[in-house]
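Novice: Pasting a structure below so you can have a look.
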Amino acid sequence: MIVDRPHYSLLRHNTFGIDARCRRFVEFSTVDELRQVICTLTSADYPLLLLGGGSNLLLTADYPGTVLHSAIKGFETADDAGDVLLRCGSGEVWDDVVALCVRNGWYGAENLSLIPGEVGASAVQNIGAYGAEAKDIIETVEAVEIATGKCCTLRNADCHYGYRQSRFKHEWRDRYVITHVTYRLKRQFTPQLDYGNIRSELQRKGILQPTAAQLRQCIIDIRNAKLPDPKVEGNAGSFFMNPVVDKEQYRELAALYPGMPHYTVDEDHEKIPAGWMIDQCGWKGRSLGRAGVHHNQALVLVNRGGASGADILRLCDAIRRDVKEKFGIDIYPEVNVR
């Protein structure tokens with residue numbers, strides 16, 4: 001059933017807890033309903049906002065256009081060359097997909113446990129954590145083209161995935177509405193343990209050779225210890241992307257800051273944790289009005305209660321200025337600012 005509501009509050013649809021309204025909110029449950037909705041769009045509906053779980057969104061004001069939200073559910077599986085192809089509706093909760101995979105012995109998604117949001121957003125944002133990214137398992141993305149109502153299937157390579165990037169965030173922005181994503185998963189479990197503190201946390205639990213379920217629970221525990229519950233303190237998880245710099249700039253900074261954490265991207269580039277730089281600038285735990293930086297994880301900006309989107313954005317800008325001044329590095333929001 002199509003849900004169509006004017007002047008609708010998006011408070012329940014963004015994890016920052018910002019009470020902004022949109023001119024029109026439309027939710028669809030099938031591909032046919034989506035195509036029907038697209039046929040009704042007029043110039044008054046623009047700009048469009050394609051909204052998932054709102055876990056990667058900062059609303060800085062009321063939205064002047066129409067918000068489209070997928071409620072397409074369901075799972076289908078197929079075998080392919082020994083792998084499992086799992087086709088998911090774009091409105092499914094992402095972590096439910098990971099739980100389903102681990103339960104059934106379909107491997108490759110376990111390091112992405114507890115990332116908030118929905119399936120459609122996984123393909124837009126190329127979500128990632130603990131050494132894994134959605135692009136590692138995405139096979140195809142099904143979508144409806146807004147201009148024509150035409151259904152199409154896009155291959156992984158078509159999407160030009162990069163670190164928290166895809167064509168859906170750039171030249172395809174507002175061109176397609178994602179309806180389904182198919183993931184390729186393995187039947188043999190090969191744990192990825194070499195990112196962050198996964199190994200040390202497993203060792204603390206006395207686990208040397210984890211099962212997929214144990215690895216998933218370990219990552220859930222790490223995330224819960226680091227990240228605030230949006231129901232308690234509004235947030236969108238990691239607010240900033242970790243910057244990638246060339247080796248020369250990394251060496252210069254490493255000489256100034258011995259012990260600076262880093263991750264090798266390739267022979268020419270290193271990734272420096274934005275949270276570490278923000279912490280070095282003295283922002284961890286601090287507030288600017290009702291917007292603040294989480295006391296456990298400086299990468300996370302929080303709504304202390306009653307903050308507006310503009311308040312969060314002011315804090316973001318202040319942090320970016322300080323990081324640029326201290327390290328000479330520009331950091332950019334991972335969150336979609338609207």
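The values are calculated or read from the model by the stated rules, or taken from the named source; none is laboratory data. Everything numeric in this text was worked out from a predicted model, so none of it was measured. Note that we place each Cβ from the backbone using ideal geometry, even for glycine, and neighbour counts take in every protein chain shown. With ligands, DNA and RNA removed, areas are computed over all heavy atoms of the protein, side chains included. Shrake-Rupley method; radii C 1.70, N 1.55, O 1.52, S 1.80 Å.
Novice: Which percent of the Cα-Cα distances in the range 277-320 go past 13 Å? Working shown, then result.
Specialist: Numbers: 399 of 946 pairs.
Counting pairs separated by more than 13 Å, the tail of P(r) holds 42 percent.
Novice: Set the bar at 21 Å for Cα to Cα. Now go through Lys247/Lys324; Lys247/Lys271; Lys205/Lys284 and name every pair that lies beyond it.
Specialist: Numbers: Lys247/Lys324 18 Å; Lys247/Lys271 10 Å; Lys205/Lys284 28 Å.
The answer is Lys205/Lys284.
Novice: Residues of the chain: accessible area per residue at 1.4 Å, in Å²?
Specialist: In whole numbers, the chain has 46 Å² accessible per residue.
Novice: So which lysines pass the test for Lys135, namely a Cα distance under 17 Å, with those fewer than 8 places away in the same chain ruled out?
Specialist: Hits, sequence-local ones excluded: Lys169, Lys186.
Novice: Also, I was wondering about something else. Return the tail of the calculated pair distribution for the chain, meaning the percent of Cα-Cα pairs more than 39 Å apart.
Specialist: Here the long-distance tail beyond 39 Å is 14 percent of all Cα pairs in the chain.
Novice: Okay, next question. Percent relative contact order of the chain, based on C-alpha pairs within less than 8 angstrom and at least six residues apart? Before the final figure, lay out each step's value.
Specialist: Details: 699 pairs, mean separation 54.9, N = 338.
Rounded, it is 16 percent for the chain.
Novice: Aspartates and glutamates within cross-link reach of Lys326: Cα-Cα under 12 Å, excluding same-chain residues under 8 positions apart?
Specialist: Cross-link targets: Asp279.
Novice: Now, a different point. Within the range 107-206, which trypsin sites (Lys or Arg not before Pro) sit in a loop by DSSP and count at most 16 neighbouring Cβ atoms inside 10 Å?
Specialist: Values: sites: Lys135, Lys150, Arg155, Arg164, Arg167, Lys169, Arg173, Arg175, Arg184, Lys186, Arg187, Arg199, Arg204, Lys205; in loops: Lys150, Arg164, Arg173, Arg175, Arg187, Lys205.
Sparse-neighbourhood loop trypsin sites (Lys or Arg not before Pro): Lys150, Arg173, Arg175, Arg187, Lys205.
Novice: If you average the sequence gap of Cα pairs under 8 Å that are 6 or more apart and divide by the length of the range 1-157, what percent do you get for the contact order?
Specialist: Numbers: 289 pairs, mean separation 26.6, N = 157.
Relative contact order here is 17 percent.
Novice: What's the carbon and sulfur percent of the chain's accessible surface, probe 1.4 angstrom, rounded to a whole number? Don't jump to the answer; show the numbers that get you there.
Specialist: Numbers: 7500 of 15540 Å².
C and S atoms contribute 48 percent here.
Novice: Using a 7 Å offset from the Cα along the Cα-to-Cβ direction at both Thr153 and Ala225, what is the distance between the two label points in nm, to one decimal?
Specialist: 4.3
Novice: Apply 1/(1 + (r/R0)^6) to the Cβ-Cβ distance of Gln280 and Gln249, taking R0 = 22 Å, and write down the FRET efficiency to the nearest 0.05.
Specialist: On the way: r = 16 Å, r/R0 = 0.73.
FRET efficiency, Gln280 to Gln249: 0.85.
Novice: Can you give the helix-only mean residue ellipticity at 222 nm for the chain, where every DSSP H stretch with n ≥ 4 adds -39500 (n - 2.57) and the sum goes over all residues, rounded to the nearest 500 deg cm²/dmol? Spell out each step's value before the answer.
Specialist: Values: 8 runs with 86 residues, N = 338.
That comes out to -7500 deg cm²/dmol.
Novice: For an R0 of 25 angstrom, estimate the FRET efficiency from the Cβ-Cβ distance between Glu76 and Glu145 and round to the nearest 0.05. Please list the in-between numbers first.
Specialist: Numbers: r = 22 Å, r/R0 = 0.90.
Approximately 0.65, to the nearest 0.05.
Novice: With θ set to phi - 60°, apply the Karplus curve 6.51 cos²θ - 1.76 cosθ + 1.60 along the range 43-50 and write out the HN-Hα couplings as whole Hz, x wherever there is a Gly or Pro.
Specialist: 4, 5, 7, 8, x, 7, 10, 8
Novice: In nm, give the distance between the simple-model label positions of Ala44 and Glu201, each being 7 Å from the Cα along the Cα-to-Cβ direction.
Specialist: Output for this residue pair reads 4.9 nm.
Novice: Also, quick follow-up: Round to a whole angstrom and tell me the spacing of the C-alpha centers of the range 176-219 and the range 117-145.
Specialist: 16
Novice: Suppose every Lys and Arg Cβ carries +1 and every Asp and Glu Cβ carries -1, with no other charges. What dipole size does the range 139-232 come out with about its Cα centre, to the nearest 20 debye?
Specialist: Numbers: 17 positive and 10 negative charges, 48 e Å.
For the range 139-232, the charge dipole is close to 220 debye.
Novice: Using the Cα atoms of the range 233-338 to build a convex hull, what is its mean projected area in square nanometres?
Specialist: So the Cα hull casts an average projection of 6.6 nm².
Novice: Using 7 Å Cα-to-Cβ label points, what is the His7/Glu325 separation (nm, one decimal)?
Specialist: In this crude spin-label approximation the distance works out to 4.4 nm.
Novice: Let me ask something else. Using a 7 Å offset from Cα along Cα-Cβ at Val93, what residues in the range 1-37 end up with backbone N under 15 Å from the label point?
Specialist: The answer is 13-15.
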